[in-house]
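Accompanying notes for the structure given below.
Only the coordinates and a few stated rules stand behind these numbers; no lab work does. Everything numeric in this text was worked out from a predicted model, so none of it was measured. Cβ placement follows ideal geometry from the backbone for every residue including glycine, while neighbour counts extend to all protein chains displayed.
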């Protein structure tokens with residue numbers, strides 16, 4: 001069971017990595033460009049925060065498989081912990097097959113159906129990313145989708161990891177893991193909410209009060 005952060009903010013990643021609870025990062029090149037940053041530079045900085053067993057998803061943006069593979073080379077050359085992120089399209093899966101045949105880790109993103117997950121696994125994907133929140137936006141049960149994928153993968157001994165994405169609440173996290181997700185990628189704000197509970201706050205307040213009384 002792993003937790004990834006879904007952000008392209010290097011400082012935010014660095015801060016949360018101090019907890020020792022973050023196993024990887026999924027990034028978005030659009031957000032990097034909006035922030036005025038070079039995506040390759042950002043991926044390099046984030047990659048340096050993790051050991052070789054971490055996973056930093058770097059998304060390629062191109063129209064053809066050939067262009068995706070070519071674009072992926074500058075990311076993969078950074079470190080072995082960089083995973084190439086491609087869309088679940090005909091061209092994206094062709095790129096996935098080419099890259100996986102070269103033993104390069106691939107995250108196939110924008111998964112909304114069981115059939116897409118099967119194709120991505122056959123193409124050699126290391127990770128597939130079903131979008132829980134966006135599924136719900138379109139009247140698709142994203143948690144049930146994860147359950148279905150898990151059942152099929154288990155029955156067929158498929159080792160592709162299920163990486164639950166588009167997470168918008170603590171319930172999404174909890175239900176994704178219950179459904180069999182191997183990894184959940186979280187916006188930093190949602191990750192911070194995982195710590196919080198009103199009863200924990202009440203307990204800490206009582207402990208503090210008792211400690212002060214004890215030391216009078």
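For this structure, a couple of remarks:
- For 51, 7, 64, order by how many other beta-carbon atoms lie within 10 Å, fewest first: 51, 64, 7
- Three-way shape call for region 36-143 based on the alpha-carbon gyration tensor, with the a/c threshold at 1.5: prolate
- Sorted peptide list for 117-126, 185-194, 172-181, criterion being average Cβ within 10 angstrom, highest first: 117-126, 172-181, 185-194
- Per residue, the convex hull spanned by the alpha carbons of the chain comes to 148 Å³.
- With a simple spin-label model that places each label point 7 Å from the Cα along the Cα-to-Cβ direction, the separation between residue 90 and residue 64 comes to 1.4 nm.
- Helix 142-155 axis, angle to the chain major axis (alpha carbon atoms, nearest 10°): 60
- Cα-projected label distance for residue 199 with residue 11, points at 7 Å along beta-carbon direction, nm: 3.7
- Our estimate of slack between residue 53 and residue 139, defined as 0.36 nm per intervening residue step minus the Cα-Cα distance, is 27.4 nm.
- Nearest-ten-degree value, helix 65-76 long axis tilted from longest Cα axis of the chain: 40
- The sum of -39500 (n - 2.57) across all DSSP H runs of n ≥ 4, divided by the residue count of the chain, sets its helix-only mean residue ellipticity at 222 nm to -15000 deg cm²/dmol.
- For region 50-88 and region 26-43, distance of Cα centres in Å: 13
- For peptides 34-45, 138-149, sequence by mean Cβ density within 10 Å, most packed first: 138-149, 34-45
- Label-point separation in nm, residue 152 to residue 2, each point 7 Å along Cα→Cβ: 2.2
- For the pair residue 35 and residue 208, a Förster radius of 41 Å applied to the C-beta separation gives a FRET efficiency near 0.55, rounded to the nearest 0.05.
- Three-way shape call for region 111-204 based on the alpha-carbon gyration tensor, with the a/c threshold at 1.5: prolate
- For the chain, averaging the sequence separation of C-alpha pairs within contact (under 8 Å, six or more residues apart) and dividing by the residue count gives a relative contact order of 16 percent.
- Compared with the dominant Cα axis of the chain, that is its longest principal axis, helix 198-214 is turned about 40°.
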